Structure formats: C-alpha cells, structure tokens
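Asker: Before I ask anything, let me first share the structure, which is written out below as structure tokens.
Read-outs: derived from the displayed coordinates by stated rules, not from any lab. Here the structure is a predicted model, which means the values were calculated and not measured. Positions of Cβ are generated from backbone atoms using ideal geometry, with glycine treated the same way; all protein chains shown enter the neighbour counts.
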Amino acid sequence: MARIRVLVVDDHRIFAESLAAALAAEPDVDVSAAGSGPAALRALERAAAEGRGYDVLLVDAELGALTGGGELPAVPAPRQEETAAVDGIALVAGVRAARPAVRSVVLAEKDDPRAAARALQAGASGWVAKDCSLQRLLSVIRGVLRDETHLPPALLTGVLRELTAARKHRTESERLVESLTPREREVLRCMVAGLGRKAVAERLFLSPHTVRTHMQNVLGKLGVHSTLAAVALARRAGVGPADAGTGSLGRDVVERGGQLAQ
C-alpha cells in the first residue's frame, strides 16, 4: 500500500497534535507536525535529504511564528535566526517554489474568499474548514494528490470574483508598466528594491537630478502620486526588484513626502 506522508503545520498545539493523531490512525497515512513556518521548512528539508519527502502540507491559514518551546515534538526546534514570522500563505508560496511536488492544503477557521484566493494564487491546492470531518479532510488530501483543487462550494463564487479582479488589476498594471521607457523601468525596479534617489543615481550612473526626473515620469505614467503606490502597482504587474548589488537592496520601502527616504 502506497503511504501518504502528511505534515501538519499549526501553532495551536492541541489542534495540531489531535489532527496528527487522527490522521495517523489511517493505515495509509504517515503524519508529523510542526508548530511554525520555520519548523515546517526544516522538516521538509530533513525529509527530502533522507529521501522520504512529504506529499501533502496541511497549513493553518492564520499561522504565526513561535519560538523556543513552540515547536511540536515531531519536528526539531529551529535555530534562533530562523524564527522570523512565516505566515501560512507565505509558507505555501515558498514550498510551491522550492518543492512543487508537495501539495498544500490550507486549514481555516472561517470562510474568507479573499484569503482563499490568495492561497490559490500562492499555489495551494485546497482550502478546508478546520471543523470539517476527518473523512472530508482525507478526501481532500487524496484528491489534491490527483491534481484536484478543492474549495467549499460556498466559497466558489467569491473566490472566482477575487481571482477575476486580481487578474484585471494585474493586466491594467502590466499595461501601465509597458508604457515606461527602458530607463524608466530600470528606475522602477530600483524603487521596488527600496533604493532612494541617491542610491539609484549611483547604481545607474546618473545624476540625482536626472533620477528625480525619471521618478517623476514614472509616477506620472503609472497614474500614481507616491512612490509606495508605484511600488505596489509594479508588484501587481510582476516587476521584481533590481538585482542585488548594493547594501540597500531589499530593505523595507520607507516613504517621506511622497519620495523614498534616502
């Protein structure tokens, strides 16, 4: 009998241990539990290194980070530097990118079309109520392994509406970004990376005055009035940050007076 390896990721210890115990009673299911996103990532890495990777991840929609004793005993506690917050949907996205063969199912306490749509966009294969029956959950687990996508019927209309709206916003954002010149797109990518005007000037070998002009042109063509709004639109359009190469890349965007802080 082919066995299904499941990892439950939930920072509510009693729920996680109870669910893991219930699933473990199934003859074809092997299950472990992790109490945080970092602990889950360590468990996935360890299992893959041992040649017995997980098949399905059951992730708490409201997952938060726990430290120290928060990890469940089935998974080694993470190192201190790995205890930064990793929410449920971010975890789904990361696992989808790094281990596409692993299917993720989000466990939620309430129906939330917007959050469910975000989960599907991140790569989740299902959204299931935490109070559903064990048989329902097992059906979803087996279904996602057949490449099925599972949503509660009551959520379907709302999720489709959210996905349609997101696609529309992305299309409009892409059209606006396409109106930029190649140089303006370079400046926009630097803005997404969190660079201020002086840093952009140094990176692109331009004068601060020229960079200021480019930034103003970017805001005008994108139809926004602040750098943060331009960055948000760029991210919707799929524009990534400029490649790493300076110490200021990747920091949080901080805005003062409509321009990036320097």
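Asker: Enumerate the residues in region 11-35 having an amide nitrogen under 20 Å from the point lying 7 Å beyond the Cα of SER133 toward its Cβ.
Answerer: In region 11-35, the label zone of SER133 (backbone N under 20 Å from the point 7 Å along Cα→Cβ) covers 19-29.
Asker: I would also like to ask the following. Can you run phi through the Karplus equation (6.51, -1.76, 1.60; θ = phi - 60°) for region 146-159 and list ³J(HN,Hα) in whole Hz, with x for Gly and Pro?
Answerer: Coupling constants for region 146-159: 9, 6, 8, 10, 10, 9, x, x, 5, 8, 4, 4, x, 5 Hz.
Asker: Return the long-range amide H neighbours of VAL31 (sequence gap of 5 or more, or a different chain), with a cut-off of under 5 Å between placed amide H atoms.
Answerer: Result for VAL31 returns VAL6.
Asker: Name the residue farthest towards the positive end of the dipole of region 18-61 from the options VAL29, LEU57, ALA43, assuming +1 on Cβ of Lys and Arg, -1 on Cβ of Asp and Glu, about the Cα centre.
Answerer: Working it through, the farthest residue towards the positive pole turns out to be ALA43.
Asker: Sticking with this structure for a sec: Amide H neighbours of ALA129 under 5 Å, at least 5 residues apart or on other chains, H built in the peptide plane: list them.
Answerer: Correct list: ALA108.
Asker: Compute the FRET efficiency between ALA98 and ASP30 as 1/(1 + (r/R0)^6), taking r as their Cβ-Cβ distance and R0 = 22 Å, and round to the nearest 0.05. Kindly include the intermediate steps, with their values, before the conclusion.
Answerer: Details: r = 21 Å, r/R0 = 0.96.
Efficiency, from the Cβ-Cβ distance: 0.55.
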